[in-house]
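First comes the structure, then the notes that go with it.
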Amino acid sequence: MLDELNRVEKVGLDALQAVQDEAALEAWRVTHLGRNSGLMQVFSRFGELSKEEKPVVGKRANEVKKALEDAYGTKAEQMRQVALKRSLEQEQLDVTLPGRSLPLGRLHPDTQTLRELYHVFGEMGFQVFRSREVESDEYNFQLLNFQIGHPARDMQDTYFVEVEGRGDNPIILRTHTSPGQIHAMRWISAMNPDNPAPVRIVLPGMCYRYEQVTKRHETQFEQLEGLAVGPGITFSDLKGTLADFARRMFGQNTRTRFRASYFPFTEPSAEYDVECFICSGAGCAVCKGSGWLEIGGCGMVHPVVLLNGGYDPERYSGFAFGLGPQRMAMLRHRIEDIRYFFQNDLRFLEQF
C-alpha cells in the first residue's frame, strides 16, 4: 500500500505540471483530491491493515495528501499571478482618472434643527438641561397639576412600563418634556432652599404617545421645553423671549402672535405662532392660506407647579414654552411626512 501511495503522489504531481488553465486545475483537484480519487480509496482500505501497518501507512497517506494540497495551492496562486499580469499588460489603465469619492456622513435633520435651537437660546442665556425619558406618573402628571382622573390626561395617550404594585404612580414613558421642569427646579432649589437661584433652561428630548401614526403624528417625537423662573417674571417677558427667538431663528422681520389656550401646568396659557417664512404672511400651501405657522404652546408657570418645584409662588414667577423641532424642520424644508425622520431612508437624509 506504501508503493501505491508513492505512485498516487508521483502521478498527481506529474499531472499538475501539465495544467494550464482554471478548468483543468479544477478537473485535477477532483481527480486527485476528490472523493473518488486514488488517495481517498487508500484511506477507505485502512481496515484491511494490521495494527503494525496502520501507523506507517496512515502517516504516509497524510504526507501524500498534504503534498498534493500544497502543490495545488501553489499552482492556483501561480495561475492567478499570471492572469493578473496578463490583464495589466493587455488592458488599458488611465491612472490620471480621479478616484471615486467616498460618501461622507452628515447630521440628521433633527440634530441640525436642535443644534440651531441650542445656539439661538444659548445666545439668550438659556442652558441645556436633560432629564430622563422613563418617568413616574407623579413627575409626568401629578406634580404638573394633572391630578388623578384629570380630563387633560386624555390628550396624552400614555405608554405604561410598570403598573403592577405601583398604585396611582405607575412607571411610564414621558409624554412631554415638562417633567424636566420639576427635576430642574428641585435640583436647583435644593442647593439653597431658603433663597433658590433663578432658572433659565431648555430641556430637549424624545417623547412618546400611543397615537395613530399619520403624516403629522408619530408615536415618538422630539420636543424642546423652555423654562425661566425668577422674581418678577411676567407674561411680557415670555412674549419678548419668544418674539426675539423668532427673529433670531427665522429672520429679523418675522412677526409673532399668541392665541389663548389651556395647559394644566401654565396659567394663563397660549399657543404661539410665527408668520409664515415661506410666503411672508400672504398665504400658501404650507400655512394653509392663513399666513401663520403654529410652533408650540406656552404660558406662565402655574403656582402649584412652582411650589412642587421648591419655589415659593409668592416670591417667584416664571414662564414655560414647548417647541416641536421636527415640526419646525417640516415647515422650513416642506417635509410632508413626519415618518421620514425615523425611516433612515438615504434618499431623504442625503438632502440635508
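Scanning region 190-227 for residues that are at pLDDT 90 or above, of a type in the set (Val, Ile, Thr) and out of contact with any Phe, Trp or Tyr (no Cβ under 9 Å at 6 or more places or on another chain) yields a count of 0.
Here Met206 qualifies as in the same structural domain as Ser131 (by TED's automatic domain parsing), within 21 Å of the chain's Cα centre (by Cα) and exposed (fewer than 14 other Cβ atoms within 10 Å of the Cβ). Mind listing whichever residues of region 207-233 are outside any loop (DSSP other than H, G, I, E, B) and among the small types (Gly, Ala, Ser)? Listed by number, the residues that qualify are Gly226, Ala228, Gly230. What tally of residues in region 174-195 results from selecting those that are in a loop (DSSP other than H, G, I, E, B) and touching a residue at least 12 places away in the same chain (Cβ under 8 Å)? So the answer is 7.
Taking only pairs six or more apart or across chains, which ones have beta-carbon atoms under 6 Å, a first residue in region 328-343 that is assigned by TED's automatic domain parsing to the domain that holds Thr214 and loosely packed, with under 14 Cβ neighbours inside 10 Å, and a second residue that is at pLDDT below 80 and among the basic types (Lys, Arg)? So the pair list comes out as Asp337/Lys215. Residues that are closer than 21 Å to Gly299 by Cα and outside any loop (DSSP other than H, G, I, E, B) within region 136-173 comprise Tyr139, Asn140, Gln142, Leu143, Leu144, Pro151, Ala152, Arg153, Asp154, Met155, listed in sequence order. Candidates Leu293, Leu242: the one that is touching a Cys at 6+ places or on another chain (Cβ under 9 Å), not charged (D, E, K, R) and not in a helix (DSSP H, G or I) is Leu293. Being more than 17 Å from Asp3 (Cβ to Cβ) and more than 56 Å from the chain's Cα centre (by Cα), is that true of even one residue in region 17-31? Looking through region 17-31, at least one residue is more than 17 Å from Asp3 (Cβ to Cβ) and more than 56 Å from the chain's Cα centre (by Cα).
The values are calculated or read from the model by the stated rules, or taken from the named source; none is laboratory data. Note that the structure is a prediction, hence the values are computed from the model and not measured. Ideal geometry is used to build each Cβ from the backbone, glycine not excepted, and the neighbour counts take in all protein chains shown.
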